Amino acid sequence: MTRYPVIPLNDGHQLPSIGFGTYPLTGEEGAAAVASALRTGYRLIDTAVNYENEEAVGRGLRESGIARGEVTVTTKLPGRDHGYDNTLRSFEGSLERLGLDHIDLYLIHWPNPSVNKYADSWRAMVELRDQGRVGSIGVSNFTEEFLTRLLAETGVFPAVNQVELHPYFPQKSLLEFHREHGIATEAWSPLGKRAAPYNEPVVVEIAAAHGVTPAQVVLRWHLERGVVPLPKSASPERQAENFDVLGFSLERSEIDAITALGRIDGRLFGGDPNTHEEM
Ligand code: NAP
């Protein structure tokens, strides 16, 4: 089986360079998809309290037969649980639903700036990490401004920031900021979900040139930029297709041509973290 390269994190841990997204897979279907993804070779699984599938993810992990220690399990703190004590309580609930005794990567799902409690949650997460109950701590949907505030208040930068990132929204300046500060980037909706750029001439041409599919070109573009994509697929065939992106590489000009598809308003649903909040 392909051994995937890993990305070093700023806390000494490592992250597989591709992961498996699980929203909106739930119940039996969710457990089966997670087990199949793990058997395909994925070693990073992305769930969240708000996906209502932590139980299914835990079951899929156990059913896969893959050793617990080989898998990086990620879950996320929902907005309604922000605050120091609430975060500690919410974490216990996630452990219970997942059926695990520790979480490898724990993220704040959205900053929810109007609630103004994400820094208190962050202090609780630093505590959980220091106790060894969480491997790495990070955030999702954080802007430079929110990241800078965490550092100013706690002295601890997140190991990971998981953000919307696909060819129509390539996040050039945030990636630059992450690189400067040693924060690893995970991409959500890495294929572009319902707005995937599979028919863009540049993607079609690059796919033909390498004898791969448009989806594989997009995922390889993430890897070339040092970004960890988290593609979701319910289908074992597409899970395998998405995982199979190590056998070719992109030229600088090809990477740049895909990045040039970016648009100012390229977000999928207007999920600007300054204004979009999720509880
Ligand atoms: P995505 O992975 O870009 O796209 C998923 C869609 O693409 C599904 O409809 C899937 O259908 C289809 N697909 C997958 N592989 C394909 C292929 N090779 N060819 C053609 N179609 C393919 O988008 P996403 O699910 O929105 O994002 C991925 C993950 O990111 C989520 O599952 C979740 O874990 C995470 N996420 C996080 C946040 C956040 O705020 N942190 C927000 C959104 C998402 P099939 O299932 O039928 O294959």
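Structural remarks
- Of the set (1) surrounded by 22 or more Cβ atoms within 10 Å (Cβ to Cβ); (2) without any contact (Cβ under 8 Å) to a residue 12 or more places away in the chain; (3) among the polar types (S, T, N, Q), all apply to residue 74 but (2).
- Selected residue [within 24 Å of residue 126 (Cβ to Cβ) and surrounded by 24 or more Cβ atoms within 10 Å (Cβ to Cβ)] from 82, 13: 82
- Among the residues of region 105-121, those that are away from the ligand (no atom under 16 Å from the Cβ) and part of a helix (DSSP H, G or I) comprise 119, 120.
- The residues listed here are 156, 163; of these, the one that is out of contact with any strand residue (DSSP E or B) (no Cβ under 6 Å at 6 or more places or on another chain), in contact (Cβ under 8 Å) with a residue 24 or more places away in the chain, in a strand (DSSP E or B) and of a type in the set (A, V, I, L, M) is 163.
- The residue of region 1-44 that is nearest to the ligand (Cβ to nearest atom), among those that are closer than 19 Å to residue 163 by Cβ, assigned to a loop (DSSP other than H, G, I, E, B) and in contact with an Asp or Glu (Cβ under 7 Å, 6 or more places away or on another chain), is 22.
- Check on residue 155, touching a Lys or Arg at 6+ places or on another chain (Cβ under 9 Å) and away from the ligand (no atom under 15 Å from the Cβ): no
- Boolean, residue 79 is at pLDDT 95 or above and either β-branched (Val, Ile, Thr) or touching a Phe, Trp or Tyr at 6+ places or on another chain (Cβ under 8 Å) (or both): yes
- Answer residue from region 104-123, given it is of a type in the set (A, V, I, L, M, F, W, C) and surrounded by fewer than 23 Cβ atoms within 10 Å (Cβ to Cβ) and is nearest to residue 14 (Cα to Cα) among those: 119
- Taken as a whole, the structure places residue 175 among residues that are over 26 Å from residue 98 (Cβ atoms), part of a helix (DSSP H, G or I) and out of contact with any His (no Cβ under 6 Å at 6 or more places or on another chain).
The values are calculated or read from the model by the stated rules, or taken from the named source; none is laboratory data. Note that the structure is predicted; figures quoted are calculated from it, not measured. Cβ coordinates were reconstructed from backbone atoms using ideal geometry, including for glycine residues, and neighbour counts include every protein chain displayed.
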